[in-house]
Structure formats: C-alpha cells, structure tokens
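Report on the following structure.
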Amino acid sequence: AFSKKATYLEDESQNQILLTDYKKRVVASKDFFLKPISEGSKFLRDNNIKYIYIPKIYNIRLDEGTREVKNIFENDEVVIYKLEN
C-alpha cells in the first residue's frame with residue numbers, strides 16, 4: 001500500500017478471508033526459492049516481479065553473485081532485492 005505497487009503474494013490470511021485464488025502463487029513462490037536464481041529470474045520476469053521483499057525471520061538469502069538480483073536495502077528486519085535487467 002505504501003509503495004502503490006501490486007504484490008505477487010502477500011498476507012495469506014487476508015487472501016483466505018477474501019476467497020482469492022492465491023494457492024497457485026504460494027506454490028510458485030516456494031518453487032522460486034528452491035531453484036537457483038538463474039532459473040528463478042525467468043519466473044520473476046514472466047510475472048513482472050521487479051522487487052523481492054524477504055523478512056529476515058525466514059532466514060533466506062538470494063545469491064547476488066549471478067548478477068540476476070541486487071540487494072538494494074537491508075536492515076535488522078528485512079532484505080529487499082531488485083531484479084537486474
């Protein structure tokens with residue numbers, strides 16, 4: 001809401017309340033994090049995803065060595081990556 005940008009997947013409980021068809025996106029998102037970023041970047045581009053917001057509580061880091069994504073922000077609670085062109 002603050003960024004005025006659409007999200008691919010956020011707040012599963014809200015989606016359950018609104019009865020949206022979000023389960024395919026949950027599976028696709030989990031698959032993205034299981035693959036190398038070089039394969040996952042196709043998923044990002046196909047879905048017009050430019051930023052990845054990961055709360056640190058999930059203990060997930062993306063490999064920036066591939067130059068597919070770049071860490072553009074980090075604090076004690078979150079890491080935000082941007083998909084490079």
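The values are calculated or read from the model by the stated rules, or taken from the named source; none is laboratory data. All of these numbers come straight from a predicted model, not from anything done at the bench. Glycine gets a Cβ as well: all are built from the backbone with ideal geometry, and neighbour counts include every protein chain shown. Quick note on the areas: whole protein, heavy atoms, side chains included, nothing else; ligands and nucleic acids left out. Shrake-Rupley method; radii C 1.70, N 1.55, O 1.52, S 1.80 Å.
Figures for the structure shown
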quantity: Answer residue from the stretch 12-54, given it is part of a strand (DSSP E or B) and open to solvent by less than 40 Å² (accessible area, probe 1.4 Å) and is nearest to residue 82 (Cα to Cα) among those; calculated: 52
quantity: Qualifying position, being surrounded by fewer than 11 Cβ atoms within 10 Å (Cβ to Cβ) and on the phi < 0 side of the Ramachandran plot, among 77, 68; calculated: 77
quantity: Those residues of the stretch 24-53 which are under 21 Å from residue 78 (Cα atoms), at pLDDT below 90 and among the hydroxyl-bearing types (Ser, Thr, Tyr), in sequence order; calculated: 29, 41
